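One structure, as structure tokens, below. Some questions next.
The values are calculated or read from the model by the stated rules, or taken from the named source; none is laboratory data. The model shown is predicted, which means the values in this text are computed figures rather than measured ones. With ideal geometry, Cβ positions are generated from the backbone for all residues, glycine too; neighbour counts draw on all protein chains shown. Just so you know, the surface numbers come from the protein's heavy atoms only, side chains and all, with ligands and any DNA or RNA stripped out. Shrake-Rupley method; radii C 1.70, N 1.55, O 1.52, S 1.80 Å.
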Amino acid sequence: MKKKLLKLCILVILAASILALSLNFYVILSTEGSINDTADRKYSCILVLGAGIRPDGTPSHMLEDRIIKSVELYKSGVSDVILMSGDHSSDSYNEVEVMKSYAMSLGVPESAIICDGKGYSTYESVWRAKEVFGYSDLVIVTQTYHLHRAIHIANSLEIECVGASASLRAYGGQIFNDLREAVARCKDFVFALLKPEYR
């Protein structure tokens, strides 16, 4: 009996691993052609996905590079609007205000920036960009490893989009980020099928 259970466990783990790898390859390969660092036309919105802030209130390296990339796109005329989407879950943690302030310090007028403090996840940020803020075409800005999932979500929600990579340097802990992203792709593949709603 123990041997049968062991074999069953191994088969389940093997099947789950194959499924996870398959979903990851599908998400990556199906969105590869949608990554365009300069964008191919004018879009209604540049969506910047949050990435955490430091205890001193400054953006993490990843978040800083996402903001820098979005400002570059804004100044090149890709869009007249930047939507900062991140976590503002409490008065003591306001990711989007940090994002907004940093973009303004780089020359973006306050009138061009919209903040969404309920972007607690990639799916929520993309879903809210369309369903709450009304943008059905946009440029998504995040690091390359994260772009595939964000674009896949947008495609499932019938949002016309391209992804602009904010991978401007090497980041610490990238192996952990890649492993976490592999799991998140599977989770958001399911979300893209079920299409839960957030307000």
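Applying the selection to region 184-194, what residues are touching a residue at least 60 places away in the same chain (Cβ under 8 Å) and either under 14 Å from the mean Cα position of the chain (by Cα) or open to solvent by 50 Å² or more (accessible area, probe 1.4 Å) (or both)? Before the answer, list the steps.
Taking region 184-194 as the starting set, the residues that turn out to be touching a residue at least 60 places away in the same chain (Cβ under 8 Å) are 184-186, 188-189, 191-192.
Selection gives 184, 185, 188, 189, 191, 192.
Could you list, in sequence order, all residues of region 155-183 that are open to solvent by 30 Å² or more (accessible area, probe 1.4 Å) and in contact with a Leu (Cβ under 7 Å, 6 or more places away or on another chain)?
The answer is none; no residue qualifies.
Kindly indicate which of 69, 75, 118 is surrounded by fewer than 22 Cβ atoms within 10 Å (Cβ to Cβ) and within 23 Å of residue 181 (Cβ to Cβ).
Numbers: 69 fails: surrounded by fewer than 22 Cβ atoms within 10 Å (Cβ to Cβ); 75 fails: within 23 Å of residue 181 (Cβ to Cβ).
Residue meeting the stated conditions: 118.
Quick one: count up the residues across region 8-56 that are part of a helix (DSSP H, G or I), open to solvent by less than 90 Å² (accessible area, probe 1.4 Å), hydrophobic (A, V, I, L, M, F, W, C) and closer than 18 Å to residue 156 by Cα.
Here the count works out to 3.
Of the residues 60, 89, only one is open to solvent by 60 Å² or more (accessible area, probe 1.4 Å) and more than 22 Å from residue 41 (Cα to Cα); which? Can you show your working first?
Working: 60 fails: open to solvent by 60 Å² or more (accessible area, probe 1.4 Å).
That would be 89, the only listed residue that is open to solvent by 60 Å² or more (accessible area, probe 1.4 Å) and more than 22 Å from residue 41 (Cα to Cα).
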